[in-house]
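Colleague: One structure follows; several queries about it will come next.
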Amino acid sequence: MQLTHLDKNGNPNMVDVSHKDITLREAVARGKITMSAEAFKAVIENKVKKGPVLQTAIIAAIMGVKRTSELIPMCHPLYLTSVKCNIQENSNENTFIVEVSAKTSGQTGVEMEALMGVNIGLLTIYDMVKAIDKSMVLSEIYLVEKSGGKSGYVSAY
């Protein structure tokens, strides 16, 4: 098997996607952060000293999607047509689920962008709440689904 990010001499290179068709490509990723009951309550009640945690995390997630190619060396810069972030709360487990969807019409997918958005959103929550709870856990970060391109629709389920 030939690795796509290495040339015939073993040197890194960005994959040439110029021969690929331009198609609508979408990806959805998800991740979870678990925290203490005290920290969870502070977030829900907007009593975190650094400001509105969930709103800030949504903005950070969108920014993370937009900056993916600057942080992951072999990712192509993309023209994004849509980025959305939703955060769900689960008071039974003191968790927040961050879900990010990204869309583009292009020659390469947006999976890495969606995953980056989730990670940056979760890390923003962590950063803003760490003064209350230093034992928070980020987990279950995964690609939920993607569509477009040669492989079509792919789901984690």
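Colleague: May I ask you to say which residue of SER82, SER135, SER139 is surrounded by fewer than 14 Cβ atoms within 10 Å (Cβ to Cβ), at pLDDT 95 or above, assigned to a loop (DSSP other than H, G, I, E, B) and of a type in the set (Gly, Ala, Ser)?
Modeller: From the options SER82, SER135, SER139, the qualifying one is SER135.
Colleague: May I pose another question? Residue by residue through region 6-29, note down the ones that are open to solvent by less than 90 Å² (accessible area, probe 1.4 Å), assigned to a loop (DSSP other than H, G, I, E, B) and among the basic types (Lys, Arg).
Modeller: LYS20
Colleague: Which one of the conditions (1) touching a Ser or Thr at 6+ places or on another chain (Cβ under 7 Å); (2) within 19 Å of GLU140 (Cα to Cα); (3) part of a helix (DSSP H, G or I) does GLU93 fail to meet, given that it meets all the rest?
Modeller: It fails just one condition, (3).
Colleague: Looking only at region 88-107, which residues are under 26 Å from HIS5 (Cβ atoms) and either open to solvent by less than 30 Å² (accessible area, probe 1.4 Å) or of a type in the set (D, E, K, R) (or both)?
Modeller: Within region 88-107, VAL100, ALA102, LYS103, THR104, GLY106 meet the criteria.
Colleague: Also, I was wondering about something else. Of the residues ASN90, ASN94, only one is at pLDDT 95 or above and at positive phi; which?
Modeller: One residue alone meets the criteria, ASN94.
Colleague: Just to be sure, is ASP127 more than 25 Å from PRO12 (Cβ to Cβ), of a type in the set (D, E, K, R), open to solvent by less than 40 Å² (accessible area, probe 1.4 Å) and modelled with pLDDT of 95 or more?
Modeller: Taking the combined requirement at face value, the residue does not satisfy it.
Colleague: So, one more: For SER101, state whether it is within 24 Å of VAL17 (Cβ to Cβ) and under 13 Å from the mean Cα position of the chain (by Cα).
Modeller: Yes.
Colleague: While we're here: Of everything in region 18-39 that's touching a strand residue (DSSP E or B) at 6+ places or on another chain (Cβ under 8 Å) and among the aliphatic types (A, V, I, L, M), which residue is nearest to TYR142 (Cα to Cα)?
Modeller: Ranking the candidates gives ALA29 first.
Colleague: Ok, one more. Pick from MET112, MET116: which is open to solvent by 50 Å² or more (accessible area, probe 1.4 Å), over 17 Å from MET35 (Cα atoms), out of contact with any Pro (no Cβ under 9 Å at 6 or more places or on another chain) and of a type in the set (A, V, I, L, M, F, W, C)?
Modeller: Testing whether each residue is open to solvent by 50 Å² or more (accessible area, probe 1.4 Å), over 17 Å from MET35 (Cα atoms), out of contact with any Pro (no Cβ under 9 Å at 6 or more places or on another chain) and of a type in the set (A, V, I, L, M, F, W, C) leaves just MET112.
One line per residue, one yes/no per condition, for (1) open to solvent by 60 Å² or more (accessible area, probe 1.4 Å); (2) assigned to a helix (DSSP H, G or I); (3) in contact (Cβ under 8 Å) with a residue 40 or more places away in the chain:
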residue: VAL43; (1), (2), (3): no, yes, yes
residue: THR56; (1), (2), (3): no, yes, yes
residue: ALA61; (1), (2), (3): no, yes, yes
residue: VAL65; (1), (2), (3): no, yes, yes
residue: PRO73; (1), (2), (3): yes, no, yes
residue: PRO77; (1), (2), (3): yes, no, no
residue: ASN86; (1), (2), (3): yes, no, no
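The values are calculated or read from the model by the stated rules, or taken from the named source; none is laboratory data. Here the structure is a predicted model, which is why all the values come from computation and not from measurement. Note that each Cβ is placed from the backbone with ideal geometry, even for glycine, and that neighbours are counted across all protein chains shown. Just the protein is used for accessible areas: all its heavy atoms, side chains included, with ligands, DNA and RNA removed. Shrake-Rupley method; radii C 1.70, N 1.55, O 1.52, S 1.80 Å.
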